[in-house]
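The values are calculated or read from the model by the stated rules, or taken from the named source; none is laboratory data. A quick note: this is a predicted structure, and the numbers were derived from the prediction, not measured. Don't worry about glycine lacking a Cβ; one is built from the backbone with ideal geometry, like all the others, and counts go over all protein chains shown. Note: accessible area is taken over every heavy atom of the protein model, side chains too, but ligands, DNA and RNA are not part of it. Shrake-Rupley method; radii C 1.70, N 1.55, O 1.52, S 1.80 Å.
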Amino acid sequence: MTTSSSAANIEIIPRKTEFDFSGVPERWLVSAEASHFMHALSVLVPLTERLVITRLRNETHRVTNLQLKIEIQQVIKQEGIHARHHRAVNQTLVAHGFTAIPRLEAVQTMAFDLLERWMPKPFVDSIPAAMEHFTANISKSVLTDQTYWFGAQVETDASKFLKWHAFEELEHQAVCFDLYKHLGHKSLPFSLSLILFWMPISALSIYTIQTYFLAKSRKLRSFKHWRNYLKFIRKTSPIFFSGAWKYSKKGYNPWMKGDQNIHQSLKKEME
Ligand SMILES: [Fe+2]
Ligand SMILES: [Fe+2]
């Protein structure tokens, strides 16, 4: 049986790569705002990916499509590798004085426990697709607007890691949305959950943590700093607040031509 990924000829392969974050400067992207946005994201990634892995593992027995089962296993493997690298990034950040990270992770653990325990089953089943909606949006921004994110900064292992992770994230959205549909759920509640819950909560969480990083780095001490930060939020907020309705459109296919082209153009570089 085909899946969205197999129909688009997308093969999901866990690519083993090693990175060394020890010598990476605090500002490794084009600006302090961009760098700390990615640091904020990194704080949330290991537990988010663990939750995605758990949800996928728990639902695999309900999957009757063998191809989808294989793709889910590959996504699980990729996410496991990503989470390991992000934990290394976060340890480096703690060593550089961002000591609130373990407390932020404790809050995230509590929030995820509450979601899994108290939310209705269709909502819990939608968690991987919702998470992958955001990582795909962020990944597409990073990969297609490299001048905005990287500028003329010298390439470091952090920037190589970001591009590599963004590329693999492109492959997850289709698998997780296929699974959501395969479990018998409808697109409209998913779109609504993105708009009413996931979009505001994701934007609020990331910008709050980014504010912590910027404040700790003394990048919120002047009018100019705040102006730069607000400009950054204006530019990046569409990443959180776009694309929710596409899932409910008739004939929606997770591998749209534009996304296939991005994947195709970077495939050689990543393998
Ligand atoms: Fe990932
Ligand atoms: Fe992912």
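Ordered from largest to smallest accessible area (heavy atoms of protein chains, 1.4 Å probe), the residues 3, 144 come out as 144, 3. Of the GluC sites (Glu not before Pro) found in segment 1-39, those in coil by DSSP whose Cβ has at most 16 other Cβ atoms within 10 Å are 11, 18, 26. Within the accessible area of the chain, the carbon and sulfur atoms contribute 59%, probe 1.4 Å, all protein chains present. Using a Gaussian network model of the chain in which every pair of alpha carbons under 10 angstrom is joined by a spring, one finds that among 100, 166, 174 the greatest mean-square fluctuation is at 100. Residue separation of residue 196 and residue 54 scaled by 0.36 nm, minus their Cα-Cα distance, works out to 48.7 nm of gained length. Between residue 103 and residue 222, the contour length at 0.36 nm per residue exceeds the alpha carbon distance by 40.1 nm. Note on the chain: GNM, Cα springs under 10 Å; of 101, 13, 72, the largest mean-square fluctuation is that of 13.
For residue 75, what charge total do you get from the other residues with a beta carbon under 14 Å from its beta carbon, if Lys and Arg give +1 and Asp and Glu give -1? Net charge in that neighbourhood comes out at -4. Only Cα pairs within less than 10 Å get springs; with that Gaussian network setup on the chain, which residue of 232, 240, 177 has the largest fluctuation? Looking only at 232, 240, 177, the biggest GNM fluctuation is shown by 232.
Computed from label points 7 Å out along Cα-Cβ, the spacing between residue 7 and residue 160 is 3.7 nm.
In this calculation the C-beta distance from residue 211 to residue 118 is compared with R0 = 25 Å, giving a FRET efficiency of 0.35. Note on surface exposure: 66, 266 rank 66, 266 by accessible area, highest first, 1.4 Å probe.
Over segment 25-270, what is the relative contact order in whole percent, taking alpha-carbon pairs under 8 Å and six or more residues apart? After rounding, I find 29 percent. A 1.4 Å probe run over the protein chains yields, for segment 1-91, 45 Å² of accessible area per residue, whole-number rounding. Within the full protein context, the accessible area of residue 269 is estimated at about 130 Å² for a probe radius of 1.4 Å.
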